[in-house]
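S.K.: One structure is given below, represented as C-alpha cells, and several questions about it will come after.
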Amino acid sequence: MICPACAASLTGKERTGRVCARCGKRFALDPAVHGTGMHDIRIRRIAKHATDHGRLKITLTQLWYLSRTRNYAWAEQDPQGVPTGIRWLVALPVAVALLLCAVLTGGVLAFVAGAAGCVVLVVASAMRHLGAEGTAGRSDIVAGALEELAEYPSALPVVVLHDADPLGVLLAPLIRAAQRDRVVVDAGLPVSAARGKQGVVRLARHDRFADAEQLRAVAGLPEADAKWLADGFWSPIAVVPPRLLESIVVRAVERALTTPPPGPRYAHTNGFLTWPQAPQTAQTLRARDIGRPGAGPSTKEGTSSA
C-alpha cells in the first residue's frame, strides 16, 4: 500500500502496527486488515468529494456506504439461539433437579450435581436469542413523531426524510391523516428508485412491518413497489450522495414553504399580531358607516355655508 504521509510504497512488514517504517507516521486503515480499497488515501478522497471540500457535514453511516467497494443485497442475520421462554422452561427444571440431587446426596456426586445446576443457570442467563427485529419498536416511531409534532403550531410545515422501507413510506400519509391542517412534504427515497436503479444498496430483513395491500392502500404504492417492500427489501436514504441529498432537501423545504395549507384558509392566517375578524355583512357595514360625514342618506334638505 501507499503511505498516506510520505507516499512510499510499503510492504506488509513495513507497515506493522499501522505505522510506516519509512516516515514513522501512523495511518488508520490497512487494506490487508480492513479489506480491499480501504486505505487512508481513498477514504480521504471520498470524504473530500462527499463533503464538497468541507462545505457539507456527513454522517459516519453515509461515509460507510460511500466507501463500499461492491454492491449487493445484505440480509439480516437469521434467527439464532433458543427463545427466552423455551430456554427457561427447560433450564429451570433441570437446574432444580440437579440442585436437589446435590442436597440429597453426598460426596463427589453432590459437588458435581450442584456445580452442574449452577452451570445450567449461568448458561441459560447468558444465552441470547438473536431474531428478527420486532415491529413494535418501529411502530413507536410513528407515535413519537406525532407526539413531537403536537408541540409545534399546525402552520409549521413538515418535511419527511425517510428510507425506502415500509415505515418510511407510511410515515408521511399517517402524519397527514393525523394532522389534516398541516403541510407535509414527502422527501424520502423513492421505492421505485431503490428497487430498480443499478448501484443502489438494497438490504433485507425478516420481519414484516406491513403487507402489500396496506402499502398500496395507505401509501399509494404501485403493485411492484409494495410487493418489494412486503417481501422484506428496503434501502437506506444514507446511500444517497450527500450533495444530491442536500438539493433534494432544499427543494422540499421550498415546496413546503410555498404550498398552501390544507383546510380553511382563515385557520392559518391568524399569526403573531394578526387578530381574527368577524365576517362583514351588508348590515354590519351600514351600522359601521352611521355617523360618518357624507355616509348614508341626508336628514336635512338644502345646504348651508359659512
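S.K.: Could you tell me whether segment 145-156 includes any residue that is within 20 Å of Arg251 (Cα to Cα) and not acidic (Asp, Glu)?
M.R.: Within segment 145-156, one or more residues are within 20 Å of Arg251 (Cα to Cα) and not acidic (Asp, Glu).
S.K.: How many of the residues in segment 142-155 are without any contact (Cβ under 8 Å) to a residue 40 or more places away in the chain and either surrounded by 13 or more Cβ atoms within 10 Å (Cβ to Cβ) or not assigned by TED's automatic domain parsing to the domain that holds Phe209 (or both)?
M.R.: Of the residues in segment 142-155, 4 are without any contact (Cβ under 8 Å) to a residue 40 or more places away in the chain and either surrounded by 13 or more Cβ atoms within 10 Å (Cβ to Cβ) or not assigned by TED's automatic domain parsing to the domain that holds Phe209 (or both).
S.K.: Still on this model: From the residues in segment 36-79 that are small (Gly, Ala, Ser) and not in a helix (DSSP H, G or I), which one is modelled with the lowest pLDDT?
M.R.: Ala75
Yes/no per residue for (1) more than 30 Å from Val240 (Cβ to Cβ); (2) basic (Lys, Arg); (3) surrounded by 15 or more Cβ atoms within 10 Å (Cβ to Cβ); (4) assigned by TED's automatic domain parsing to the domain that holds Glu246:
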position: Cys6; (1), (2), (3), (4): yes, no, no, no
position: Thr11; (1), (2), (3), (4): yes, no, no, no
position: Glu14; (1), (2), (3), (4): yes, no, no, no
position: Asp30; (1), (2), (3), (4): no, no, yes, no
position: His34; (1), (2), (3), (4): no, no, no, no
position: Arg45; (1), (2), (3), (4): no, yes, no, no
position: Ala50; (1), (2), (3), (4): no, no, yes, no
position: Arg55; (1), (2), (3), (4): no, yes, no, no
position: Leu66; (1), (2), (3), (4): no, no, yes, no
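S.K.: Further question on the same structure: With (1) assigned to a loop (DSSP other than H, G, I, E, B); (2) modelled with pLDDT of 90 or more; (3) hydrophobic (A, V, I, L, M, F, W, C) as the list, and Val82 as the residue in question, which single condition is left unmet?
M.R.: Single failed check for Val82: (2).
The values are calculated or read from the model by the stated rules, or taken from the named source; none is laboratory data. Everything numeric here is computed off the predicted structure, so don't read it as measured data. All Cβ positions, even for glycine, are placed from backbone atoms using ideal geometry, and neighbour counts span all protein chains on display.
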